[in-house]
Amino acid sequence: DAILEGKSTFLVELEECSIMLKHATKKSLCILDELGRGTSTYDGTAIAHSVLEQFANTIGCRCLFATHYHLLVDEFAHHSDIIAPYHMSAKICEETKDVTFLYKFTKGSCPKSHGMHVARLAGLETSVVDLSTEKAKEMELDSQKFSDRVLFRRILAAQQKGDETLLKKLFLSFKQKP
């Protein structure tokens, strides 16, 4: 951040992102970590989505784009020829709920969040973690419904445009949903 200049971490991050978007070329490597944090989930997701879209489809540069927005990962799942999801692996012992971070860069999106395991590691009370787990399940269900509506709208738009290639990709991503 630049507190003495009256700039929040979020503002500084977006200023830096703006510079990247203005100066990046196809030969650039852009690295963004958790773009969009520091504002509401929806604003952050929308900003991260638009920036990733710009890097992938307009600029066409290589980009390492770390995000915690699962909606964003779902949204770009059909860009398999342009965007490849990876995650840092972890091993979870279901009996003890212990988490071991493997520090291994693995192809594919992260199968599930490890936030509750980390909350346990940090010493949060079991009742707080249990309540958080239930709330997360509710939010995940709402998020999945939203993601399904977005995918359906994209399928309709591709159909109206007559974009057979995109339609096939979208249908494949729809069929692969759990």
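Select from region 78-95 the residues that are modelled with pLDDT under 75 and either open to solvent by 60 Å² or more (accessible area, probe 1.4 Å) or out of contact with any helix residue (DSSP H, G or I) (no Cβ under 6 Å at 6 or more places or on another chain) (or both) and list them in ascending order. Spell out how you get there, then give the answer.
Here is the first cut: in region 78-95, the residues modelled with pLDDT under 75 are 78-82.
Answer for region 78-95, where residues must be modelled with pLDDT under 75 and either open to solvent by 60 Å² or more (accessible area, probe 1.4 Å) or out of contact with any helix residue (DSSP H, G or I) (no Cβ under 6 Å at 6 or more places or on another chain) (or both): His79, Ser80, Asp81, Ile82.
Conditions tested, residue by residue: (1) touching a strand residue (DSSP E or B) at 6+ places or on another chain (Cβ under 7 Å); (2) without any contact (Cβ under 8 Å) to a residue 60 or more places away in the chain; (3) over 24 Å from His87 (Cα atoms).
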{"site": "Phe10", "(1), (2), (3)": "yes, yes, no"}
{"site": "Leu14", "(1), (2), (3)": "no, yes, no"}
{"site": "Leu32", "(1), (2), (3)": "yes, yes, no"}
{"site": "Ala48", "(1), (2), (3)": "no, yes, no"}
{"site": "Leu52", "(1), (2), (3)": "yes, yes, no"}
{"site": "Leu71", "(1), (2), (3)": "no, no, no"}
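Residue pairs, Cβ under 8 Å, 6 or more apart or interchain, first in region 95-111 and closer than 16 Å to Leu121 by Cβ and β-branched (Val, Ile, Thr), second open to solvent by 70 Å² or more (accessible area, probe 1.4 Å) and in a strand (DSSP E or B). List them.
Within 8 Å, the pairs are Val99/Lys91; Thr100/Lys91.
So Ile47 fits all but one of (1) at pLDDT 90 or above; (2) in contact with a helix residue (DSSP H, G or I) (Cβ under 7 Å, 6 or more places away or on another chain); what number is the exception?
The single condition Ile47 does not satisfy is (2).
Within region 1-35, work out how many residues are over 18 Å from Ile59 (Cα atoms), open to solvent by 70 Å² or more (accessible area, probe 1.4 Å) and aliphatic (A, V, I, L, M).
3
The values are calculated or read from the model by the stated rules, or taken from the named source; none is laboratory data. If you're wondering where the values come from, they're calculated on a predicted model, not measured in any experiment. All Cβ positions, glycine included, derive from the backbone under ideal geometry; neighbour counts span all protein chains shown. The accessibility values were calculated without ligands, DNA or RNA, using every heavy atom of the protein model including side chains. Shrake-Rupley method; radii C 1.70, N 1.55, O 1.52, S 1.80 Å.
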